[in-house]
Every structure is written in C-alpha cells, then in structure tokens.
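Structure record follows, encoded as structure tokens.
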Amino acid sequence: MMSLNGSSFLHPSVCKSCRTFDAARRSPVAFVRVRSGPSGGRCRVASDGNGRVLVDGALDEDGSSSSSSSSPSVLEMDSKSGGPGPDLYGEDRATEDQLVTPWAVSVASGYNLLRDPHHNKALSFSEKERDAHYLRGLLPPVVVSQDLQVKKLMHSLRKYQVPLQKYMAMMDLQETNERLFYKLLIDHVEELLPVVYTPTVGEACQKYGSIFRRPQGLFISLKEKGKILEVLKNWPQRNIQVIVVTDGERILGLGDLGCQGMGIPVGKLSLYTALGGVRPSACLPVTIDVGTNNENLLKDEFYIGLRQRRATGEEYDELLHEFMSAVKQIFGEKVLIQFEDFANHNAFELLEKYGTTHLVFNDDIQGTASVVLAGLIAALKFVGGTLADQRFLFLGAGEAGTGIAELMALEISKQTNVPVEEARKKIWLVDSKGLIVNSRWESLQQFKKPWAHEHEPINELVDAVKVIKPTVLIGTSGVGSTFTEDVVEAMAALNEKPIILALSNPTSQSECTAEEAYKWSQGRAIFASGSPFAPVEYKGKTLVPGQANNAYIFPGLGLGLIMSGAIRVHNDMLLAASEALAAQVTRENFDKGLIYPPFTDIRKISAQIAADVAAKAYELGLATRLPQPKDLVKYAESCMYSPTYRSYR
Ligand SMILES: O=C([O-])CC(=O)C(=O)O
Ligand SMILES: [Mg+2]
C-alpha cells in the first residue's frame, strides 16, 4: 500500500524502468512531491518548469505493508481539473484570485540530510551513501553499525544521574535521529520507559517551559479558533493514523499544567511506535491550549502557553468541536483520536459526545480500565476464584476509578449473566467526601451516580475497608501516600492474598510504594502500581511489583483498530484487549509477584492484543479493511514499524 509521507523521499519506489527521478534526485535543488494512489507502483514524473519535479508513486517509509489508507493524497487531482481523485487541499482547483499553500517537499542531501531526523544515520552512513548524498567531509571517516551507536548512547545515558537529563538526551535524539531513538527504546524498553514516560515525563511537563528547546507536536490555542483546519494543514505529514490530544488540565496526578502538557501526547505516541509499531510519521501529538488555572504557571516568565485562565462552557466546546470536525475532514474517519489527561468533566463529556461520530478512545477511562481488568484476570488465574467472587473498593472516583469499575461490572455481568446494574453492587468507591452512597445522590456528578449504593455514610478509607471488606483495593485518586499503614494492614487482616493496586502517577502520587505494600502485609500483597517500582527484598524473597499502566494496552489496541480499519471503539474490544494481555502472564511471572508480563516482550504482546482487538472489530462489523487477513497475529507483526536503518541509493 502506498502512503504519502514526508520522510520517504530519499528512496522513492519509482518505476524501475524510469530514470527521470534519479536524474532529479542527483540535483540537490530538485523538489519532489510524492503521492499515494492507484498507480500500482508505477511512476509518473513531470517537471513544473521551475526546477520542481512531480513524482507519482512511492513506497511506505519502511517498506512495510502498513495499514491501508484510503485518504487521498496531495497530488491527486479533482476531476474538474482533469486528474483522478480529490484535490485534498484545493490547490489544483483554486482560481486565480484564491490563496493556496505552496507545498514543496525537498530531497534531503548533504548537510540537510544530516539534520533531517527521519533520515539521519550519523556515522552509520556507508561509504557509498557518503558519495551519493554529498556527505564527504561532513562526517569523520569511521563508519559504525546502528548497534554500536545504540551501545554508545546507552553508555552515555547511564552516566546521567538526574532522570530529567536522560529525558532531555532522549528528546534530543528523537529530534536528530528518529530511527536510532526508536531502536534504543525498543532494545532497552524496561530501562528507558521510565525516562520517556512516567515518572520522568511528569517532571518534564512541570518544567517544560525551562527545558523547551524545539517545539514538538501541534499546538492549537484559542488564538487558532476558526483556523484549525489550516493549522492541521501545517503539519508536514498527511497520512495520520493516531492523534493523542490533551488540554493539559489533569496531567497524570500533577494537576493543571496547561500547554506544558505537550510532553504527554509526545510520550504516548513514542510508545505507539516503540511498543505498538505504528509508524512515527503516522502519529500526531496535539495540545489544545484554552489557558490554565495554574497560578504558578501564569506567573512563570518561561511559561509557553496562553497566559489566561481556562476557557470553559461554550467557548471550550466550540474549540473542541472545531478541532474534532477538522481532524475528520483532513485525515478521514479512520484516524484514531486518543483523549489523554483531560479533567474529569470534559473527559466523560467528550467521550460520550464523539463516541458515536469519531474513532475515539479515552486512555485514562478505557485504557486504564482494560489494563487493570487484565491484571485481575491474570491474578485470579493463579489464586483461584472468579471476578464475581471479589469485592472491590476504590479510592478515587474519577476517570480511572469509574472507568475500571464499569469495565469490571461489564465483565462480571458477561461471566455470570447478571444485569450490569446488579454486577455494579460488588463495587464500592470512595472519593474525597467519603464512601459514595445513595444519600449523596443529589450532589453527585453524573459519572459517579451508578456507584451510589445503599449504605451508611463512611468518611475514612480505613473504615470503609473494615466495613466493606474488599478483596481488591484500587487507588486512582491522584493523591500520594493515601494507602497508609492502617489501610494496608486492614486489607491484610481480611485477606490471605490482598490485591492492592496503587495506580496514581507519577511515582510521587502513588497511593503507597511497593515496599510499603509488602512490608505492611507481611509480604502477602499482590501489588501493582501505575508508575514503576524496583523489586523489593522481603525476608529473603525478591518480590517484583507489576506496572498496571495503560501503556500495556493502548499501543496494541490502537494497532488493532488501525489495521482493521475500525471506525468505532466498542467496549468488547477493551475486554478482548484485557483477555489478550492476561493470557500472556505466566506462572513464572506470577510466582515473582507479577500480574503483568514483562515489558521486554511488549511488541509480541501488542501484536496479540492488536490481533484480538481486530478480530473483535471484524466480528462486530466495525472493520472496514476487507477481506479480513487470515492470520491476524502475523498480519499485525507485518504491519509493525522497524527502526532499523534503511539503505539509500
Ligand atoms: O501516563 C500514564 O502513565 C498513565 C496515565 O494515562 C495517567 O496517569 O494519566
Ligand atoms: Mg493519562
């Protein structure tokens, strides 16, 4: 399948018999634009008379059969202007008095090639490439392998003591040599995940203004109102498959970080590529800036966002609606939009509002739910019992808390054939005002109402534990150190194997540490946390805490949606993802204390998740990529981006 993608221009797959493109490429001033389309691998080359050469026909960046894209390309022409296919940006159709964008994509060579992150290979350029691409003298004589580059970079990264320095070094690498960045991340995923993702990404967002060097992603602020379609056109890639978008109001458990939340979409999309194999050029990070209510940021001279309090109500809704409409208009209806780290009220509303018109997914509500359900299914596989046998108590009734609770109720209802309303009665939630009970009904936000059960009010978590007698305790409050010694002890007094999940991120907001959970339960707790904790020695045994983070789910889920051409996300797909993940947990993992498989196997795991999600999409009639591939796991693997350098001719 062809794709338009700005980074494929160095090795276009023009027709073998055609020499014209080569001739153009040899000239460092030639401008080449590459289109996708029905040319079947053959090429058409034309000059526009100004030294620009138009080429029709190109391979995907990595030569893989990346998922089908039916989105039209830049060069396809409207039938009115005589060519086949639509004229996406109206350039060819424009009349003489209309303004058009002078799009041009250049073939990089020489100095510019070294500064093009998509194509730079630094010291790995071969002798032949150095000759062909005007690189002689711009590099020292040595030629090294990509593996040696990885070894050297790991060596220097490990010398940094401060995590934020590692983060900045990784971001620099991403912006200078993209393939090497992904090779590093994939080959050393357990070590580098905490650097590009939680917990370090949280600190990076807090200090984003100070560490900011080059902009990443697309910033859409209130200033762009009415012009969002134009702003999206400014992004250099056209074949976008996944957008992660935040408005920065609830970044991890750190609160409102405004425009500085950009670190989150950037980090999540790095994982889409490294863990799920979605091509980097198909990923678009977006931050919507409607202001911030964070007084410190408003006073910070280095703050990068709008210096005003958050817009709300109609003004907010209109901006978001313009964004959602523009995305669909420009990238088509199969682009996946992942909502990330919105505050509760907007998160639920956006998911509900756009769930029926767009391919949307809320990672904090649905991704976290799916990963937690997977962990519980895996744990029960080894300790015995069913989900319906459990009693659940949550601290935190926001996106993650109610999202997990609802998915669990759905699964219990499926397993036991009881109505979901009945299944919900096994699940209790505590928020900042205490246990959610019927007497609080009037003042409860909509998304909490399904969890208001008949009971006396209880204010303290520890008292709720003693009265409700949960077998599973889940923290999603975003407030650190709330699973205190008496809470964990109460859980341990009630259960031989208490399941305790401290999910809030980053590490500073975790409800308790792994060490505390093990110590206060005499090593009996089955513990997992949102951000990583190191293994703990307890009475001669090494206990390894699992990481119950949605990073296990969204890359595989996204890949499954993309490769099946799904047009909507359905809860059954989340359940399929949970079961696929749980099936990867082995007895050996569990004996160490893990209810998730190690991240080292994540690409294999993501392929399994993608295959099962895609299978569900086909089963539900929500897939548009037809016919259905026979072996979905193999197909998922074949779609995955590989960061290995390509050879340039
Ligand atoms: O980003 C993470 O590590 C998990 C997540 O979605 C959140 O905490 O909001
Ligand atoms: Mg999140």
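The values are calculated or read from the model by the stated rules, or taken from the named source; none is laboratory data. Predicted model only: the values in this text are computed from it and were never measured. Neighbour counts run over all protein chains shown; Cβ positions are idealised from the backbone, glycine included. When the accessible area is computed, the model is the full protein with side chains, heavy atoms only, and any ligands, DNA or RNA have been set aside. Shrake-Rupley method; radii C 1.70, N 1.55, O 1.52, S 1.80 Å.
How tilted is helix 163-176 with respect to the longest principal axis of the chain? Cα atoms for both, answer in degrees (0 to 90, nearest 10).
Orientation of helix 163-176: about 30 degrees from the principal axis.
What does the charge count around Thr507 come to, taking other residues whose C-beta lies under 13 Å from its C-beta (Lys +1, Arg +1, Asp -1, Glu -1)?
Summing Lys and Arg as +1 and Asp and Glu as -1 gives -4.
Towards the positive end of the charge dipole of region 130-175, with charges on Cβ (+1 Lys, Arg; -1 Asp, Glu), say which of Met170, Pro140, Leu157 has the farthest Cα.
Leu157
Ignoring ligands, DNA and RNA, what percent of the 1.4 Å accessible area of the chain is carbon and sulfur?
Answer for the chain: carbon and sulfur cover 52 percent of the accessible area.
Using unit Cβ charges (K, R positive; D, E negative) and no other charged atoms, how large, in debye to the nearest 20, is the dipole of the chain about its Cα centre? Spell out each step's value before the answer.
Values: 69 positive and 75 negative charges, 450 e Å.
Roughly 2160 debye, rounded to the nearest 20.
With a Förster radius of 30 Å, plug the Cβ-Cβ distance of Thr356 and Glu315 into 1/(1 + (r/R0)^6) and report the FRET value to the nearest 0.05.
Efficiency computed from Cβ-Cβ geometry: 0.80.
So how strong a dipole does region 328-387 carry about its Cα centre when Lys and Arg Cβ are +1 and Asp and Glu Cβ are -1, to the nearest 20 debye?
260 debye
With the cut-off at 27 Å, tell me which of the pairs Lys268/Lys449; Lys353/Lys449; Lys414/Lys592; Lys426/Lys592; Lys128/Lys159; Lys268/Lys353 have Cα atoms farther apart than that.
Distance filter (> 27 Å) returns Lys268/Lys449; Lys414/Lys592; Lys426/Lys592; Lys128/Lys159.
Sort 122-133, 432-443, 490-501, 614-625 by the packing proxy (mean of other Cβ within 10 Å over each peptide's residues), most packed first.
The packing order, highest mean first, is 490-501, 614-625, 122-133, 432-443.
Considering the zone a paramagnetic label at Val633 would reach in this model (a point 7 Å from Cα along the Cα-to-Cβ line), which residues of region 603-619 have amide N under 16 Å from it?
Within reach of a label on Val633, which here means backbone N under 16 Å from a point 7 Å along Cα→Cβ, region 603-619 contributes 603-616.
Going by alpha carbons, how many degrees (0 to 90, nearest 10) lie between the helix axis of 602-619 and the longest principal axis of the chain?
Tilt of helix 602-619: around 90 degrees.
Separation between the Lys497 and Arg649 pseudo-spin-labels, each 7 Å from Cα along Cα→Cβ, expressed in nm?
Label-label distance for Lys497 and Arg649, simple model: 5.9 nm.
Using the heavy atoms of the protein chains alone and a 1.4 angstrom probe, what is the accessible area of the chain per residue in square angstrom?
Accessible area per residue, the chain: 40 Å².
Under the rule a/c < 1.5 gives rounded, and otherwise a/b versus b/c splits prolate from oblate, where does region 365-639 land using the Cα gyration tensor?
It is oblate, given that a/c is not under 1.5 and a/b is not larger than b/c.
Could you check the spin-label model distance between Ser432 and Thr176? Points 7 Å from the Cα along Cα→Cβ, value in nm.
Placing both labels 7 Å along Cα→Cβ, they lie 4.4 nm apart.
Modelled label-to-label distance, Ser210 and Lys159, 7 Å Cα→beta-carbon offset: nm?
With each label placed 7 Å out from Cα toward Cβ, I get 2.3 nm.
Could you state the angle between the C-alpha long axis of helix 554-564 and the longest principal axis of the C-alpha atoms of the chain, as a value from 0 to 90 degrees rounded to the nearest 10?
Approximately 50 degrees, to the nearest ten.
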